[in-house]
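The next block holds one structure in the form of structure tokens; read it before the comments.
The values are calculated or read from the model by the stated rules, or taken from the named source; none is laboratory data. Everything numeric here is computed off the predicted structure, so don't read it as measured data. We place every Cβ from the backbone using ideal geometry, glycine too, and count neighbours over all the protein chains shown. Quick note on the areas: whole protein, heavy atoms, side chains included, nothing else; ligands and nucleic acids left out. Shrake-Rupley method; radii C 1.70, N 1.55, O 1.52, S 1.80 Å.
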Amino acid sequence: MLRFFRDLWWALTSDEKHPPSVQEVACQQGSLPPKESLTIQEYALLRPFYEAQKEHSEPKTWGQLRKEGFEPIEKDAMDLQSVCTLWNREYIDTPLDYEEAMNRCQQEAT
């Protein structure tokens with residue numbers, strides 16, 4: 001309970017990036033050694049971790065991405081008919097009949 005109030009006080013008064021409870025966890029997890037103290041081989045192994053800890057840029061909006069030429073990818077429909085079609089492409093010897101499945105559903109509903 002004390003941690004909650006400490007974090008609440010931090011949220012109201014601090015300019016730091018993370019509340020004290022998050023800082024405690026980060027300290028417990030350890031940190032990376034200074035890059036200058038590593039050999040080239042050690043740095044090559046740890047580079048993904050250094051990259052992950054760098055500040056990341058703000059994510060771009062769809063409007064910004066469209067200006068750069070990106071377009072949304074249409075998602076495949078995942079209704080019963082498309083599932084039957086995909087199944088029938090892969091498993092030719094055991095086909096699923098969409099019409100039969102729909103008739104069964106209607107019979108069970110009544």
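Set the Förster distance to 30 Å, then compute FRET efficiency between Tyr91 and Trp62 from the Cβ-Cβ distance, nearest 0.05. Before the final figure, lay out the partial values.
Numbers: r = 38 Å, r/R0 = 1.26.
My answer for the efficiency is 0.20.
What nm distance separates the two modelled labels at Glu55 and Ala109, each placed 7 Å from Cα along Cα→Cβ?
Roughly 5.7 nm, to one decimal.
Leaving out ligands, DNA and RNA but keeping every protein chain, what accessible area does Tyr43 have, in Å² rounded to the nearest 10, with a 1.4 Å probe?
Taking all protein chains as shown, Tyr43 has close to 70 Å².
Kindly provide the trypsin sites (Lys or Arg not before Pro) of the range 26-110 that DSSP labels as loop, not H, G, I, E or B, and whose Cβ sees at most 15 other Cβ atoms within 10 Å.
Working: sites: Lys35, Lys54, Lys60, Arg66, Lys67, Lys75, Arg89, Arg104; in loops: Lys54, Lys60, Lys75.
Here the sparse-neighbourhood loop sites are Lys54, Lys60, Lys75.
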